[in-house]
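Engineer: Got a structure here, written out as structure tokens. Questions coming.
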Amino acid sequence: MIHIHNTLTGRREPFQSVEPQSVRMYVCGITPYDVCHLGHARCYVVFDVVRRVLKANGYKVRYVQNFTDVDDKIIARAKERGITPGELARENIEDYFNKMDALGIERADVYPKVTEHIPEIIALIRKLLDNEVAYRLRGDVYFSVKAFPPYGKLSKRPLNELQSGSRVDVDKEKQDPLDFALWKESKPGEPLEASWDSPWGKGRPGWHIECSVMAMKHLGLNFDIHGGGLDLIFPHHENEIAQSEAATRKPFAAYWMHNGFVTINREKMSKSLNNFFTLSEIFAKYQPAIVRYMLLTVHYRAPLDFSQDLLEQSRSALSGLRDSIARANRVLQKQEFGVDESDKASPEVSRASDELAQEFHEALQDDFNTPGALGVLHQLIGMLEKQFATNNVSRGSVRHILNQIRKCAEVLGLDLFSFMQGLFIPAEVSEWARAREAARARKDWKESDRLRAEISNRGYVVEDTPQGPRLLPKASA
């Protein structure tokens with residue numbers, strides 16, 4: 001059973017989905033006013049792993065991640081650059097997809113944008129006004145924090161300890177300093193495309209209301225998991241809970257998950273401290289797979305203290321994993337001496353590697369403990385290395401261990417095998433894979449099946465992916 005540390009309760013809890021074997025998950029996306037940085041990478045690698053682990057445990061996952069494509073920062077940056085807010089947002093959303101694809105992050109099922117949900121946002125604000133938990137102030141609309149008594153239940157702080165000004169609009173005329181904007185009146189000089197008609201005049205949504213609307217539209221009034229960075233607990237997620245539950249009078253999300261900060265020399269990464277790293281800067285020196293590995297070496301709730309040393313350690317570790325896998329592939333191709341022709345794994349190897357694979361999954365079921373899972377993956381590699389040390393390497397045992405490594409690596413989203421494409425796979429096997437793809441394209445299923453059998457007889461399986469066929473060592477019988 002999966003256990004999750006739930007920020008809402010402050011406890012590690014057994015996970016129980018709202019609907020059996022189905023998970024609905026919402027993760028706060030970027031505000032695309034600039035290119036992606038390491039903090040973005042950490043958040044979205046974390047929740048990519050969460051999604052992969054849920055799927056590996058038999059859940060069907062619907063994953064929604066938004067884009068806040070209208071915001072004060074976007075308007076200001078677009079003005080600096082002499083382009084429209086829409087152009088800036090599109091440019092940085094494209095950068096986001098490029099960087100996240102490179103990190104091996106599977107795309108969400110839906111990427112809703114604020115600008116696509118204005119009517120729904122206006123409707124929810126109307127409901128909050130009708131429920132008398134919001135009020136108008138000139139052309140703005142504010143949520144009344146005191147009208148929602150449980151306010152503060154996520155951040156665990158009483159109202160008198162919470163502060164305005166932390167992305168909470170400061171306005172002396174508000175009924176309470178903590179009241180936050182649901183709708184913001186347009187200011188003189190702002191671009192027309194960042195403004196919409198509403199019952200309260202021209203304006204745009206406040207920051208928090210958008211996520212409530214998009215989450216409830218695409219996942220329902222209450223769903224399973226809501227995630228994001230630690231800095232979103234207050235005020236953003238606190239405000240999401242308040243406005244959602246005040247409108248529907250139902251629980252919003254059951255489990256709240258938050259990943260820790262990225263720090264540099266134990267200080268939070270920040271542009272103001274000049275310790276800020278974009279992914280473009282990091283990818284210029286290190287493969288994205290190395291960055292992903294690095295992010296997995298620290299538990300998602302702990303701070304990750306970023307350094308070049310940590311990247312170098314990750315490069316070395318990933319290289320070691322790949323070297324062992326490449327050698328295993330040479331064994332399977334009989335390019336190394338002393339190979340046992342048997343395709344059967346020894347009972348001892350099967351049992352031991354299967355037990356390690358079980359430990360791997362148990363580590364991830366324990367609040368997504370990726371450092372623990374990586375440790376087990378390295379134990380599987382160690383078992384593989386022991387096979388090479390014997391005088392008569394069992395091809396069946398190598399295949400069995402390699403298959404367990406492949407399945408574990410896929411749950412972590414680690415690219416350990418694709419680097420071998422075309423390096424050790426026999427030319428005729430690669431040619432059969434290409435011929436099979438051509439047969440599938442012309443719907444010659446008989447020929448496609450024949451070629452798959454030929455590939456299988458040579459010790460490989462062919463997996464069909466959107467990028468084309470992928471050849472992998474076949475699991476032992």
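Engineer: What do you get for the angle between helix 395-412 and the principal long axis of the chain? Use alpha-carbon atoms, 0 to 90 degrees, nearest ten.
Structural biologist: Around 10 degrees separate the two axes.
Engineer: Run through all the Cα pairs of the chain and give the fraction in each 10 Å bin from 0, expressed as whole percent.
Structural biologist: 4, 17, 25, 23, 15, 9, 5, 1, 0
Engineer: Can you pull the percent of the chain's accessible area that's carbon plus sulfur, 1.4 Å probe, other chains left in place?
Structural biologist: Within the chain, the accessible surface is 49 percent carbon and sulfur.
Engineer: Please work out the average accessible area per residue across the range 35-172, using the 1.4 Å probe convention, and give it in Å².
Structural biologist: Values: 6300 Å² over 138 residues.
Dividing the accessible area of the range 35-172 by its residue count gives 46 Å².
Engineer: Just want to confirm a number: the relative contact order over the chain, from Cα pairs under 8 angstrom separated by 6+ residues, in percent. Mind showing how you got there, number by number?
Structural biologist: Numbers: 752 pairs, mean separation 72.9, N = 477.
Relative contact order for the chain comes out at 15 percent.
Engineer: Does anyone have the angle between helix 308-332 and the longest principal axis of the chain? Alpha-carbon axes, 0 to 90°, nearest 10?
Structural biologist: Taking Cα atoms only, the helix is inclined about 40 degrees.
Engineer: Moving on to the next point. Given a 1.4 angstrom probe, what's the average accessible area per residue across the range 198-247, in square angstrom?
Structural biologist: Numbers: 970 Å² over 50 residues.
Ligands and nucleic acids excluded, the result is 19 Å² per residue.
Engineer: Now for a different question. Using unit Cβ charges (K, R positive; D, E negative) and no other charged atoms, how large, in debye to the nearest 20, is the dipole of the chain about its Cα centre?
Structural biologist: Here the chain has a charge dipole of around 500 debye.
Engineer: Relative to the present Cα-Cα distance, how much length would full extension add between Asn275 and Asp323 at 0.36 nm per residue of separation?
Structural biologist: Details: separation 48, 0.36 × 48 = 17.28 nm, distance 3.38 nm.
Gain on extension, Asn275 to Asp323, equals 13.9 nm.
Engineer: The range 47-121: D in µm²/s via Stokes-Einstein (Kirkwood Rh, Cα pairs, 4 °C, 1.567 mPa s)?
Structural biologist: D, rounded to a whole number, is 91 µm²/s.
Engineer: Among 452-462, 185-195, how do they line up by average Cβ neighbours within 10 Å per residue, starting with the highest?
Structural biologist: Ranking, from highest mean packing down: 452-462, 185-195.
Engineer: Once you put a point 7 Å from the Cα of Ser456 and another 7 Å from the Cα of Arg138, both along the Cβ direction, what distance in nm separates them?
Structural biologist: Calculated label separation equals 7.2 nm.
Engineer: Separate question: Between beta-carbons, use under 12 Å as the cut-off and find the net charge around Ile93, counting Lys and Arg +1, Asp and Glu -1.
Structural biologist: -3
Engineer: Using the structure shown, list the pairs from Lys99/Lys443; Lys146/Lys187; Lys217/Lys268 with a Cα-Cα distance above 31 Å, or answer none.
Structural biologist: Details: Lys99/Lys443 35 Å; Lys146/Lys187 28 Å; Lys217/Lys268 34 Å.
Table pairs above 31 Å Cα-Cα are Lys99/Lys443; Lys217/Lys268.
Engineer: Could you pull out every one of the aspartates and glutamates with an alpha carbon less than 20 Å from that of Lys250, ignoring same-chain neighbours closer than 8 positions?
Structural biologist: Glu19, Glu120, Asp130, Glu132, Glu210, Asp224, Glu238, Glu240
Engineer: Using each residue's phi in the range 438-447, evaluate 6.51 cos²θ - 1.76 cosθ + 1.60 at θ = phi - 60° and report the 3J(HN,Hα) Karplus result to the nearest Hz, with x for Gly and Pro.
Structural biologist: Result, rounded to whole Hz: 5, 5, 5, 5, 9, 6, 8, 5, 5, 5.
Engineer: Please list, in order along the range 104-120, the HN-Hα scalar couplings obtained from phi with the Karplus expression 6.51 cos²θ - 1.76 cosθ + 1.60 (θ = phi - 60°), rounded to whole Hz, x for Gly and Pro.
Structural biologist: For the range 104-120, the Karplus curve yields x, 7, 5, 5, 5, 6, 9, 10, x, 10, 4, 5, 8, 10, 4, x, 5 Hz.
Engineer: Right, next: Show the residues, 5+ positions off or on another chain, whose built amide H is closer than 5 Å to the amide H of Leu304.
Structural biologist: For Leu304, whose amide H was placed from the backbone, the distant partners under 5 Å are Phe261, Val262, Thr263.
The values are calculated or read from the model by the stated rules, or taken from the named source; none is laboratory data. Please read these numbers as outputs of a predicted model, since none were measured by experiment. Glycine also receives a Cβ, built like all others from the backbone with ideal geometry; neighbour counts cover every protein chain displayed. Ligands, DNA and RNA are stripped out before the accessible areas are found, and what is left, the full protein with its side chains, is counted by its heavy atoms. Shrake-Rupley method; radii C 1.70, N 1.55, O 1.52, S 1.80 Å.
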